[in-house]
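Trainee: Sharing a structure with you now.
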Amino acid sequence: MKLSGFKRELCGMILGLAVLAILPVFIQDTYLRHLLIMIFVYGMVAASWDLSLGYGGVFNFGHLALFGVGLYTYALLTKQLGVDPWLALAASGGAAVIAAGLMVIPILRLKGIYVVLLSFAFSQLILQVIVSQSDYTGGNQGMVMVPALKLGDHNMMRDKKLAYYYIALTLLSACLLFLRVFVRSALGKSIVALRDNEEYAVSRGVSLGRQRLLTLTGSALFTGIAGGFYGGYFRNTSTDVFGIDLTTLILSMVLLGGRATIYGPLLASLALTLLSEATADIGVWRPIIIGAVIILVLLVYPGGLAGALTAGWRRLSAMRTPRGQGAAINKVAS
Amino acid sequence: MTVLGQILLSALFQGSLYAMMAVGLALVWTTIGVFNFCHGVLMTLGAYLAWQFVDPEALGLPMFVALPLALLVVAAIGFALQALLIRPFIGRGDVVLVAVITTLAASSILKNGTLLVWGPRPKSIPPLAPDTIALGASNVSAHQLAIIAITPVVLGLVWLFLNRTRVGLALRAVAQNEDACQLVGMNVTALYALAFGLAAALAALAGIFFGGFKFMSPDMGTEPLTKALVVVIFGGIANITGPILAAYIIGLFEAVSIYYVGFYWTPALLFAVLIVVLMVRPEGLFARSSRGLA
């Protein structure tokens, strides 16, 4: 039963990715492709955050710092040390994982708001280190002329972003598969158990420390890689990625999309990136409108977009036969 | 002035500003149980509204009318924010998380709203006291001294309010046990509004302090909010005396570190110390582990 459920999900995933893979045939416009690339990048970051925030219940407010770690790892390695861009991309994921591992140490014993505060402090620490090392990192100015990703002799500048599109899509697919397998595994289940009833889960032999470490490092992997890709794509870095604005945007993707779904944040990344671009011409009104939309959606749909969709879907499928334990329990309860 | 004197003066001055910001954050956290990321932008609004009331180009009211008026208006804004952003989510299991994102979103709205209304040109409001005072060999601005003197008075009044008046005691009671308060017929909704309004007014006062010695910009609240966060983490958010002490300690730490270690390393050092403190005492240096005021 469970296997067939995952097989079905896998089929849906492959179908969705196949649609995205042939999309560039119809979308020739460079700008639209750029938008899709941004949706993929933000989607990766938001979906990864969903692993620690939604499934793990660990409110890691320094998630975007992991993105920044990936970004600066890529930029420093390629520009200052001349490392091959692909190697640097892999290293950016590794560096983010290490950073997340370090971050876990202080928050291991903490709960609730203290996790928020400490992970925030941690992200500020990373930011301050980057700013203070301005000889290498460019400080507050950031770095420019960061080497781009290379594909053999292919000219990445003149293909209307086709190569970047497929790289981003490949990374997104790998990220999505990784996250879904993670949360469906026994490990993922134990993480949810820790979130829902920590004492009981621990008493049943789930290791809080190890599981938290795996949750945060798991959420860091593709966040860091996304950061590295971001560096190779834009070819510059900025300390803005540590700022409150990007955190707000990505966090609202997680919350608007619906927590503990992985797909929800991807969906919200699509919606919010498009909204953000559609309102690009109206200057200061843009953040005002986006902020208002975030608040309104949270007021009307507490479960986010995915919550609204699954509620509709459940209603539909409940008209047929009740499936799985959840539906059965719901039925008994009602 | 001696090095020691300069370090102490800077510590007291920065500590006063940090304390003024941090107490409001702690007040909201203890009574409502949410973290208010609008706090920085409330400070910005306080400064801009004070400018609006006092500046000859705008309304040109005298200081003693304009400043209290600005505090009142910001308190009202805080009240409205609370009703819009936090009140509807109270009782939900994820209220802490949702409040983070709603207050972040509102802070973005208000920040850009400020930019829209007052424009990007830097402004400043007149200092509380215009002169400089000779202290030993060097001159110190009277505005800074005024801030150092006023802050303990204001914070002392807040402490008295929370500990010696019926309404203040009610606020602390809500902080300790909301259900019981509801059972004995206290108006919890009104107390929430009061806590938020009071916190907003304190933030506005900090904004007026800032606007008197630095140029104002719509983004001016971000850094003080970050510092206030550090202060409440350091001092513990479970009461208001912890953050006040922590504010002065951090002011001193920064002054010493800037002098001996250097300007660029000070923030990194501060955050490193902070993380170590939290590892040893997660609930902050001066806090008992329970949530309660004063």
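Trainee: Could you list, in sequence order, the residues of segment B:17-68 that are over 24 Å from B:PHE161 (Cβ atoms) and of a type in the set (Ser, Thr, Tyr)?
Mentor: B:THR44, B:TYR48
Trainee: Given the criteria of a type in the set (Gly, Ala, Ser) and at positive phi, does A:ALA260 qualify? Spell out how you get there, then give the answer.
Mentor: On the way: of a type in the set (Gly, Ala, Ser): yes; at positive phi: yes.
Against the criterion (of a type in the set (Gly, Ala, Ser) and at positive phi), A:ALA260 qualifies.
Trainee: In the list B:LEU85, B:LEU116, B:LEU104, B:LEU110, which residue meets the criterion of being over 20 Å from the mean Cα position of the chain (by Cα), within 10 Å of chain A (Cβ to nearest Cβ) and either over 20 Å from B:LEU225 (Cβ atoms) or not hydroxyl-bearing (Ser, Thr, Tyr) (or both)?
Mentor: Matching residue, one of B:LEU85, B:LEU116, B:LEU104, B:LEU110: B:LEU116.
Trainee: So which helices (runs of 4 or more DSSP H) stay within segment A:1-110 end to end and still have 1 or more residues that are modelled with pLDDT of 95 or more, on the phi < 0 side of the Ramachandran plot and among the hydroxyl-bearing types (Ser, Thr, Tyr)?
Mentor: Values: elements: A:2-26, A:30-50, A:63-75, A:85-107.
Per the criteria, A:30-50, A:63-75, A:85-107.
Trainee: Looking only at residues in segment A:231-256 that are more than 14 Å from chain B (Cβ to nearest Cβ) and of a type in the set (S, T, N, Q), which one is surrounded by the most Cβ atoms within 10 Å (Cβ to Cβ)? Steps first, please.
Mentor: Taking segment A:231-256 first, the residues more than 14 Å from chain B (Cβ to nearest Cβ) are A:231-238, A:241.
Okay, now just the ones that are also of a type in the set (S, T, N, Q), so A:236-238.
Numbers: A:ASN236: 16, A:THR237: 25, A:SER238: 17.
The residue in question is A:THR237.
Trainee: Still on this structure, I have one more. Could we say that B:ALA47 is under 23 Å from B:MET220 (Cα atoms), surrounded by 24 or more Cβ atoms within 10 Å (Cβ to Cβ) and in contact with a strand residue (DSSP E or B) (Cβ under 6 Å, 6 or more places away or on another chain) here?
Mentor: Details: under 23 Å from B:MET220 (Cα atoms): yes; surrounded by 24 or more Cβ atoms within 10 Å (Cβ to Cβ): yes; in contact with a strand residue (DSSP E or B) (Cβ under 6 Å, 6 or more places away or on another chain): yes.
Taking the combined requirement at face value, the residue satisfies it.
Trainee: What number of residues within segment A:281-316 satisfy the criterion of being more than 14 Å from chain B (Cβ to nearest Cβ), over 11 Å from A:LEU255 (Cβ atoms) and not acidic (Asp, Glu)?
Mentor: Residues that pass the stated criteria total 9.
Trainee: Look at B:PRO152 and say whether it is more than 14 Å from chain A (Cβ to nearest Cβ) and either in a helix (DSSP H, G or I) or under 30 Å from A:ARG259 (Cβ atoms) (or both). Break it down stepwise before answering.
Mentor: On the way: more than 14 Å from chain A (Cβ to nearest Cβ): yes; either in a helix (DSSP H, G or I) or under 30 Å from A:ARG259 (Cβ atoms) (or both): yes.
When the stated conditions are applied, B:PRO152 passes them.
Trainee: All but one of (1) part of a helix (DSSP H, G or I); (2) within 13 Å of chain B (Cβ to nearest Cβ) hold for A:ARG259; which doesn't?
Mentor: (1)
Trainee: Within segment A:73-104, restricting attention to residues that are within 20 Å of the chain's Cα centre (by Cα) and not small (Gly, Ala, Ser), which residue is farthest from A:GLY138 (Cα to Cα)?
Mentor: So the residue we want is A:VAL104.
Trainee: Output the helices (runs of 4 or more DSSP H) that fall wholly within segment B:1-108 and possess 2 or more residues being at pLDDT below 90 and within 21 Å of A:TYR114 (Cα to Cα), or say none.
Mentor: B:3-32
Trainee: Answer yes or no: is there a residue in segment A:265-278 that is modelled with pLDDT under 90, within 27 Å of A:LYS161 (Cβ to Cβ), within 13 Å of chain B (Cβ to nearest Cβ) and assigned to a loop (DSSP other than H, G, I, E, B).
Mentor: no
Trainee: May I ask you to verify whether A:THR248 is part of a helix (DSSP H, G or I) and under 22 Å from A:ILE105 (Cβ atoms)? Please lay out each step first, then the result.
Mentor: Numbers: part of a helix (DSSP H, G or I): yes; under 22 Å from A:ILE105 (Cβ atoms): no.
Answer is no for this residue.
Trainee: Here's a check for you: in segment B:119-136, which residue that is among the small types (Gly, Ala, Ser) and surrounded by 12 or more Cβ atoms within 10 Å (Cβ to Cβ) is nearest to the other protein chains (Cβ to nearest Cβ)? Spell out how you get there, then give the answer.
Mentor: The first filter runs over segment B:119-136 and keeps only residues among the small types (Gly, Ala, Ser), leaving B:119, B:124, B:129, B:134, B:136.
Of the ones still in play, those that are also surrounded by 12 or more Cβ atoms within 10 Å (Cβ to Cβ) are B:124, B:129.
On the way: B:SER124: 22, B:ALA129: 34 Å.
For segment B:119-136, the residue satisfying everything is B:SER124.
Trainee: If you don't mind, another one. Filter segment B:179-217 down to residues that are free of Cβ contacts under 8 Å to residues at least 12 places away in the same chain and not polar (S, T, N, Q) and give me whichever is surrounded by the most Cβ atoms within 10 Å (Cβ to Cβ).
Mentor: As a first pass, look at segment B:179-217 and keep what is free of Cβ contacts under 8 Å to residues at least 12 places away in the same chain: B:179-185, B:187, B:190.
Next, only the ones that are not polar (S, T, N, Q) stay: B:179-181, B:183-185, B:190.
Details: B:ASP179: 7, B:ALA180: 11, B:CYS181: 18, B:LEU183: 9, B:VAL184: 8, B:GLY185: 7, B:ALA190: 11.
Checking each candidate, the answer is B:CYS181.
Trainee: Only one of (1) more than 12 Å from the chain's Cα centre (by Cα); (2) of a type in the set (Ser, Thr, Tyr); (3) under 17 Å from A:CYS175 (Cα atoms) fails for A:SER48. Which number is that?
Mentor: (1)
Trainee: Continuing with the same structure: Tally the residues that are touching a Ser or Thr at 6+ places or on another chain (Cβ under 7 Å) and outside any loop (DSSP other than H, G, I, E, B), restricting the search to segment B:112-133.
Mentor: Summing the residues that are touching a Ser or Thr at 6+ places or on another chain (Cβ under 7 Å) and outside any loop (DSSP other than H, G, I, E, B) in segment B:112-133 gives 2.
Trainee: Okay, moving on. Take B:ILE258 and decide whether it is more than 12 Å from chain A (Cβ to nearest Cβ) and in contact with a Ser or Thr (Cβ under 9 Å, 6 or more places away or on another chain). I'd like the intermediate steps shown before the answer.
Mentor: Details: more than 12 Å from chain A (Cβ to nearest Cβ): yes; in contact with a Ser or Thr (Cβ under 9 Å, 6 or more places away or on another chain): yes.
Judged against the criteria, B:ILE258 is a match.
Trainee: Which condition from (1) modelled with pLDDT of 90 or more; (2) in a loop (DSSP other than H, G, I, E, B) is the one that A:THR170 breaks?
Mentor: Result: A:THR170 fails condition (2) only.
Trainee: Have a look at A:TYR165, A:TYR114 and point out the one that is crowded, with 20+ Cβ neighbours inside 10 Å, more than 9 Å from chain B (Cβ to nearest Cβ), in a helix (DSSP H, G or I) and touching a Pro at 6+ places or on another chain (Cβ under 9 Å). Spell out how you get there, then give the answer.
Mentor: Details: A:TYR114 fails: more than 9 Å from chain B (Cβ to nearest Cβ).
That would be A:TYR165, the only listed residue that is crowded, with 20+ Cβ neighbours inside 10 Å, more than 9 Å from chain B (Cβ to nearest Cβ), in a helix (DSSP H, G or I) and touching a Pro at 6+ places or on another chain (Cβ under 9 Å).
The values are calculated or read from the model by the stated rules, or taken from the named source; none is laboratory data. These numbers come from a predicted model, not from an experiment. In this analysis, Cβ positions are derived from the backbone assuming ideal geometry, glycine residues included, and neighbour counts consider all displayed protein chains.
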